[in-house]
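Read the structure below first, then the notes.
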Amino acid sequence: MIILGLNAFHGDAAAALVRDGVLIAAAEEERFRRIKHWAGFPSQAIAYCLCEAGVGLADIDHVAVNQDNRANLARRIGYLAAHPPAPKLLLERLRMRREREGIPRLLEAAFPSERFRGTFHPVEHHLAHLSSAFHVSPFEQAAVVSIDGFGDFASAAWGVGRGRQIDIEGRVHFPHSLGIFYQAITQYLGFPHYGDEYKVMGLAPYGTPAFAPAMQQIVRLKPDGGFALDLAYFRHHREPIAYQWTSGAPQFADLFSPALERLLGPRRRPDDPIEARHRDIAASAQATYEAAFFNLVRVLQKRSRLTDIALAGGCAMNSVANGKIRRETQFRRVYVQAAAGDAGGAIGAALTVWHRLGGARASTMDHADWGPQFGRDEIEAALAPHRTRLGEAGCTIEVPTDEQDLCRRVAAAIAGGQVIGWFQGRMEWGPRALGNRSILADPRRPDMKEILNTRIKRRESFRPFAPSVLEDAVGEWFEEDGAVPFMTQVFQIREDKRAKIPAVTHVDGSGRLQTVSSRTNPRFHRLITAFREMTGVPMLLNTSFNENEPIVCTPDQALDCFLRTEMDVLVMGDVIVLRPRRGVQ
Ligand SMILES: [Fe+2]
């Protein structure tokens, strides 16, 4: 049975293909369209999934989308009766509804030579989120939590997963939302783009939560684990918020009202300097989020008495809060899959349908290698038109004798201070580069953060870089131990180790680590092992292979990014391209 799962007409549009309950392929549309967080109908991601599975549209038995207009219907009707929406808002909602219901038609339009003969299944947004975490987790039974902005009139859902079943025990409904709270503060702090919340999370450790008491009136905690916003500080419930979910980058107008500026002072505009007050507001927002998050997680743990938890939804990208779960609660194991945000709903929708139809659990996601891959021929073909230009620029192209030789040479280059574009195997699923489309550098160099920010990434200086660490060395270097294969948890680095790895140590001594296993990422593991043999440090600085764009997908894009920026070395598969300035030692 073949099921195509979709996150469509939503930020991070994505497709996933599941065959007999086993995930075959998954990718975000942004990687193909080259626009970050692309929202709309993910026709190129679908084309990739079909190609990877070797099937056509006519072979698809079921299509599942992570949105169901009938979900929480009584709540919707009750709310709309009490708060009639503006006509413009109503028309916009109806248009979006038609778009989602028209998905079978859009599939046929995207693949005009084939007929879609399968069945279309809408799946409630948060059920898809919960399924995307629990049904690929290693847990047979676990508490499950989904928190985001909004989906199907709810902003959070929680409960218990057992085998194929997920029982939702509680929800927070529109207009209350922790995701909206965090997004509104992100806008207020002068980060206007969809998905900028991680910048606030990165800024938070530079401040103190001086505004947390003030923010307590914005987010009120409930004894059942839920929360409520003081709506005086928001606009989304009473005004049509201009936003765009169709064919392009998602955009949102301001979600906060003038009352927020009266409470916290004037907003920061994007070009304004970041002052102490802004850092404190970021710290306070993170503290407020964590208070609500841990209230919910603790209540759920007490009620369920379970020790495993699986998280999803945009807020599950809050790796700082995730990393504190074991310290703050009785949960002992935490699972967050690679695409915890809305893209992940594509997997969750597909697996929900698979289990509804009686399918058994068939796969655990312990790696993120679900995207396109390119062979030696394709890499050579990408290089061919640039050989003259590369030669004129003094670049050389080499192919080491074997993998060990390649890893040793690259590790030596990193230890010598060079910056490496590392392009290997299948593109990662989810927002993090995990050793397949990565830029790698030496975590020991105090100046490396500055070098990367100015020479390659051109991004804000306060944002930290992440370490990819051999999984057997986590306990020795971090205060916590355990597998974090998708960079979804932040751990504290041991105090005596921090000075040894300044480029990946955040201002509060934390690191958003990726644990690297020889089983799931053998070449990356070999490379870090070679670096450890040379330096005694079992980790590399790992940042995504891009420059203010979606992470590169193809060898062409990798080469283009290499040529545009000041990377020293590009490794694509077995091929090494060296810039002359420094060369591999
Ligand atoms: Fe969501």
### Summary
When segment 110-151 is checked residue by residue, the ones that are touching a Gly at 6+ places or on another chain (Cβ under 6 Å), more than 16 Å from the ligand (Cβ to nearest atom) and under 23 Å from residue 334 (Cα atoms) are 142
### Query
Of all residues in segment 152-170, how many are more than 13 Å from the ligand (Cβ to nearest atom), part of a strand (DSSP E or B) and in contact with a helix residue (DSSP H, G or I) (Cβ under 8 Å, 6 or more places away or on another chain)?
8
### Query
Within segment 314-321, is even one residue surrounded by 24 or more Cβ atoms within 10 Å (Cβ to Cβ) and not in a helix (DSSP H, G or I)?
yes
### Message
Condition check: more than 33 Å from the chain's Cα centre (by Cα), of a type in the set (A, V, I, L, M) and on the phi < 0 side of the Ramachandran plot. Does residue 384 satisfy that?
### Response
yes
### Task
Scan segment 463-482 for residues that are in contact (Cβ under 8 Å) with a residue 40 or more places away in the chain and of a type outside the set (D, E, K, R) and jot them down.
464, 465, 466, 467, 468, 469, 470, 473, 474, 477, 482
### Summary
Pairs returned, first residue in segment 429-446 that is without any contact (Cβ under 8 Å) to a residue 12 or more places away in the chain, second residue that is β-branched (Val, Ile, Thr) and buried (at least 24 other Cβ atoms within 10 Å of the Cβ), beta-carbon separation under 8 angstrom, 6 or more apart or interchain, are none
### Message
Is it the case, given these coordinates, that residue 77 is surrounded by fewer than 20 Cβ atoms within 10 Å (Cβ to Cβ), more than 16 Å from the ligand (Cβ to nearest atom) and not in a helix (DSSP H, G or I)?
### Response
no
### Query
Within the set of pairs 6+ apart or on separate chains, which have a first residue in segment 8-29 that is more than 19 Å from residue 55 (Cβ to Cβ), a second that is away from the ligand (no atom under 16 Å from the Cβ) and among the β-branched types (Val, Ile, Thr), and C-beta atoms under 8 Å apart?
8/103; 9/246
### Summary
In segment 172-208, residues that are assigned to a helix (DSSP H, G or I), away from the ligand (no atom under 16 Å from the Cβ) and aliphatic (A, V, I, L, M) total 6
### Message
Which numbered condition in (1) within 28 Å of residue 431 (Cα to Cα); (2) among the acidic types (Asp, Glu); (3) surrounded by fewer than 19 Cβ atoms within 10 Å (Cβ to Cβ) is the only one that residue 261 fails?
### Response
(1)
### Query
Which condition number does residue 293 fail, the rest of (1) hydrophobic (A, V, I, L, M, F, W, C); (2) surrounded by 19 or more Cβ atoms within 10 Å (Cβ to Cβ); (3) within 21 Å of residue 215 (Cβ to Cβ); (4) more than 16 Å from the ligand (Cβ to nearest atom) being met?
(4)
### Query
If you scan segment 3-28, which residues turn out to be within 16 Å of the ligand (Cβ to nearest atom) and more than 23 Å from residue 356 (Cβ to Cβ)?
11, 12, 13, 28
### Task
Restricting attention to segment 54-74, report how many residues are within 16 Å of the ligand (Cβ to nearest atom) and not β-branched (Val, Ile, Thr).
7
## Note on the structure
Wholly inside segment 338-450, strands (runs of 3 or more DSSP E) that include 1 or more residues that are surrounded by fewer than 19 Cβ atoms within 10 Å (Cβ to Cβ) and more than 16 Å from the ligand (Cβ to nearest atom) are 396-398
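Matching residues to (1) within 27 Å of residue 175 (Cα to Cα); (2) touching a strand residue (DSSP E or B) at 6+ places or on another chain (Cβ under 6 Å); (3) not hydrophobic (A, V, I, L, M, F, W, C):
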{"residue": "47", "(1), (2), (3)": "no, no, no"}
{"residue": "51", "(1), (2), (3)": "no, no, no"}
{"residue": "56", "(1), (2), (3)": "no, no, yes"}
{"residue": "62", "(1), (2), (3)": "no, yes, yes"}
{"residue": "73", "(1), (2), (3)": "yes, no, no"}
{"residue": "81", "(1), (2), (3)": "yes, no, no"}
{"residue": "84", "(1), (2), (3)": "yes, no, yes"}
{"residue": "90", "(1), (2), (3)": "yes, no, no"}
### Residue among 220, 238, 279, 262 that is in contact (Cβ under 8 Å) with a residue 60 or more places away in the chain, more than 26 Å from residue 11 (Cβ to Cβ) and not small (Gly, Ala, Ser)
279
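Taken together, the values in this text are just the output of simple stated rules run on the coordinates, not laboratory data. Just so it is clear, the model here is predicted, and its values are computed rather than measured. No Cβ is skipped: glycine too gets one built from the backbone with ideal geometry, and neighbour counts run over all protein chains shown.
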